[in-house]
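Notes to accompany the following structure.
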């Protein structure tokens, strides 16, 4: 099996007049059934762009917005990166991924210098909101990954072969069920006695710890999370049709990404207080019309690896994890306030029968 870090690698081919050409290979098993996963292929573009910016004053990706014009296929690919504008604080790039002479994905990227938010403190001087500020967002998880239950290979019919393990946060399963039944009371503020978000106003949620691994037991040494992996990980979210009540869910389906944008919030912390192979995903969807739906996702750091499914033990990344095994409020608050949101993403995706995906195996596909 090719590790994700290797599958995202690009090689410089040529460079001239502000345009750089990279070669890459789109590889298994990083596919949604027979088609390369959209986030993975976007990660190939990000990998090439990161290489092109590595020796500049703006080495960090801040934002990427991509349109998926055609499904990608396994095999060789070229990424063309063009420098559009270089400013004082930001650099703008355009990038295209081409296979067999066909433009598959076109993207616009913004580069600059990202902070490591794990090393910053809440500050009004630089307009940064972090805990302990009451206005700062906390990680939307209750369960520590070392105590997570319900471990699974994947939550999608198209991802059972992908070497990622999941541990779903159960509170959102219960919340979605209560919303469907109309029994969930709004936790939003009210105005003049009227709730701002009433039962039945939409929004289905999902959250899970996710962890890259090799053979199902040991974590692959090359699986350490890096920036180019973020698009793939953000695309592991549960699409809105999958969060519907079971009686409303479609038959096994493929959810091709049509547009995807990612804003990167922080450099990935190098501190041993954060897991190296595990991240938290929180996603939500609000609108669904004829299968087309929106998808919002937050990518968070994790305080430890997921509980080992084979022997029930925890793999801890640092000495501080021991204190978080206890579930009293004080210590639980401590690990939650330490986590950092690395990125947020937005998608527009479709819902198609899985047979549409499987028919594309080995073919030059068009959507």
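With the structure loaded, tell me whether residue 291 is farther than 19 Å from residue 338 by Cβ, surrounded by fewer than 17 Cβ atoms within 10 Å (Cβ to Cβ), in contact (Cβ under 8 Å) with a residue 24 or more places away in the chain and touching a helix residue (DSSP H, G or I) at 6+ places or on another chain (Cβ under 9 Å) or whether it fails that test. Give the steps one after another, and end with the answer.
Working: farther than 19 Å from residue 338 by Cβ: yes; surrounded by fewer than 17 Cβ atoms within 10 Å (Cβ to Cβ): yes; in contact (Cβ under 8 Å) with a residue 24 or more places away in the chain: yes; touching a helix residue (DSSP H, G or I) at 6+ places or on another chain (Cβ under 9 Å): yes.
Here the answer is yes, as residue 291 does meet what is asked.
Residues being under 28 Å from residue 254 (Cβ atoms), out of contact with any helix residue (DSSP H, G or I) (no Cβ under 7 Å at 6 or more places or on another chain) and part of a loop (DSSP other than H, G, I, E, B): count how many of those fall in the range 55-72.
So the count comes out to 3.
Within the range 32-54, does at least one residue satisfy the condition of being out of contact with any helix residue (DSSP H, G or I) (no Cβ under 7 Å at 6 or more places or on another chain), free of Cβ contacts under 8 Å to residues at least 12 places away in the same chain, surrounded by fewer than 20 Cβ atoms within 10 Å (Cβ to Cβ) and outside any helix (DSSP H, G or I)?
So far as the range 32-54 goes, yes, one or more of its residues are out of contact with any helix residue (DSSP H, G or I) (no Cβ under 7 Å at 6 or more places or on another chain), free of Cβ contacts under 8 Å to residues at least 12 places away in the same chain, surrounded by fewer than 20 Cβ atoms within 10 Å (Cβ to Cβ) and outside any helix (DSSP H, G or I).
Only one of (1) touching a strand residue (DSSP E or B) at 6+ places or on another chain (Cβ under 7 Å); (2) in a loop (DSSP other than H, G, I, E, B); (3) under 23 Å from residue 361 (Cα atoms) is not met by residue 97, so which one is it?
(2)
Of all residues being out of contact with any helix residue (DSSP H, G or I) (no Cβ under 6 Å at 6 or more places or on another chain) and outside any strand (DSSP E or B) in the range 272-285, which is surrounded by the most Cβ atoms within 10 Å (Cβ to Cβ)? Just the residue, please.
Across the range 272-285, the extreme among qualifying residues is 275.
Looking at (1) within 21 Å of residue 266 (Cβ to Cβ); (2) surrounded by fewer than 13 Cβ atoms within 10 Å (Cβ to Cβ); (3) in contact with a strand residue (DSSP E or B) (Cβ under 7 Å, 6 or more places away or on another chain), which one does residue 62 not meet, given that it meets all the others?
Exception for residue 62: condition (2).
Could you grab me the full set of residues in the range 237-253 that are part of a helix (DSSP H, G or I) and buried (at least 18 other Cβ atoms within 10 Å of the Cβ)?
240, 241, 242, 243
Are any residues in the range 136-166 assigned to a loop (DSSP other than H, G, I, E, B), more than 17 Å from residue 344 (Cβ to Cβ) and at pLDDT 90 or above, and if so, which ones?
142, 143, 144
For the list (1) free of Cβ contacts under 8 Å to residues at least 24 places away in the same chain; (2) more than 27 Å from residue 15 (Cα to Cα), I need the number of the one condition that residue 92 fails.
Here residue 92 meets the rest and fails (2).
Determine, yes or no, whether residue 77 is under 23 Å from the mean Cα position of the chain (by Cα), under 15 Å from residue 18 (Cα atoms) and modelled with pLDDT of 95 or more.
Taking the combined requirement at face value, the residue does not satisfy it.
Can you name every residue in the range 100-135 that is part of a strand (DSSP E or B) and touching a residue at least 40 places away in the same chain (Cβ under 8 Å)?
Those that are part of a strand (DSSP E or B) and touching a residue at least 40 places away in the same chain (Cβ under 8 Å): 102, 104, 105, 106, 107, 108, 109, 110, 111, 112.
Would you mention how many residues in the range 43-60 are within 15 Å of the chain's Cα centre (by Cα) and over 15 Å from residue 80 (Cβ atoms)?
Count: 1.
Tell me, yes or no, whether the range 217-228 has at least one residue that is closer than 30 Å to residue 68 by Cβ, at pLDDT 90 or above and in a helix (DSSP H, G or I).
yes
The values are calculated or read from the model by the stated rules, or taken from the named source; none is laboratory data. This is a predicted model, so every value here is computed, not measured. Cβ: placed from backbone, ideal geometry, glycine included. Neighbour counts: every protein chain shown.
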